[in-house]
Amino acid sequence: MNGVNLTLRALHHGERSLAKHLSAAAERHHTDHEVHHVARDLAVWSNDHCRRVAETGRHYGLDLGGPPEKSAPGLVSVLREKSAEAVGRRPEPGLLLLHDLRELHLAATGNSLYWEMLAQAGQAAKDDRLVELASFCHPRTLRQMRWTNTLIKTLSPQILTSV
């Protein structure tokens, strides 16, 4: 297995994981409408990236699955939403939100580095397929990072000084 295949596998895993974490954060912070809706939209992007990586991976002999299966709301999902509604806007959920945003930012940053590595490898090998994949997905990953970073900058002062 060469480095491109390893990078595609790492990206597939990373985007899949980010989609799951974004969906979980959306459920957990159900009462914060911006977080809920934007996180769900960003999860759709990561699922799309996952699909695109799997399609590209087939050209390199990889058999990668698609995005995570969407399941019916399970007990855990319902519990996350109900607990978010129950605790509302107390400071502790704010700390949990900052923790989730930090984890999401770090996951997106990891994916961003892999997108950059894939783009550079594609340019060096003159492989248009890899360059197009990275050119499409990397800017959206950068937007995921900007969103989490902006929320962290905006929310941290109020949350950290009120606890």
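The values are calculated or read from the model by the stated rules, or taken from the named source; none is laboratory data. Here the structure is a predicted model, which means the values were calculated and not measured. Cβ: placed from backbone, ideal geometry, glycine included. Neighbour counts: every protein chain shown. Keep in mind that these areas ignore ligands, DNA and RNA; they rest on the heavy atoms of the full protein, side chains included. Shrake-Rupley method; radii C 1.70, N 1.55, O 1.52, S 1.80 Å.
Taken over the range 106-141, residues that are open to solvent by 30 Å² or more (accessible area, probe 1.4 Å), hydrophobic (A, V, I, L, M, F, W, C) and touching a helix residue (DSSP H, G or I) at 6+ places or on another chain (Cβ under 6 Å) amount to 4. Among the residues in the range 85-98, are any touching a Pro at 6+ places or on another chain (Cβ under 7 Å) and either open to solvent by less than 80 Å² (accessible area, probe 1.4 Å) or at pLDDT 95 or above (or both)? Yes, because at least one residue in the range 85-98 is touching a Pro at 6+ places or on another chain (Cβ under 7 Å) and either open to solvent by less than 80 Å² (accessible area, probe 1.4 Å) or at pLDDT 95 or above (or both).
Conditions tested, residue by residue: (1) within 15 Å of Leu101 (Cβ to Cβ); (2) assigned to a helix (DSSP H, G or I); (3) among the basic types (Lys, Arg); (4) open to solvent by 40 Å² or more (accessible area, probe 1.4 Å).
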| residue | (1), (2), (3), (4) |
| --- | --- |
| Leu6 | no, yes, no, yes |
| Gly14 | no, yes, no, no |
| Glu34 | yes, yes, no, yes |
| Asp41 | no, yes, no, yes |
| Asp48 | no, yes, no, no |
| Tyr60 | no, no, no, yes |
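Cβ separations smaller than 6 Å between residues 6+ apart or across chains give the following pairs from the range 2-31 residues that are in contact (Cβ under 8 Å) with a residue 12 or more places away in the chain and closer than 14 Å to Asp63 by Cα to residues that are open to solvent by less than 20 Å² (accessible area, probe 1.4 Å) and among the small types (Gly, Ala, Ser): Leu8/Gly57.
Taking the range 142-161 as the range and being open to solvent by 40 Å² or more (accessible area, probe 1.4 Å) and of a type outside the set (A, V, I, L, M, F, W, C) as the test, the residues that pass are Arg143, Arg146, Asn149, Thr150, Lys153, Thr154, Pro157, Gln158, Thr161. Find the residue count for the range 16-32, including only residues that are part of a helix (DSSP H, G or I) and of a type in the set (S, T, N, Q). Residues flagged as part of a helix (DSSP H, G or I) and of a type in the set (S, T, N, Q) within the range 16-32 amount to 2. Among the criteria (1) modelled with pLDDT under 90; (2) buried (at least 16 other Cβ atoms within 10 Å of the Cβ); (3) in contact with a Cys (Cβ under 9 Å, 6 or more places away or on another chain), the one Glu81 does not fulfil is (3).
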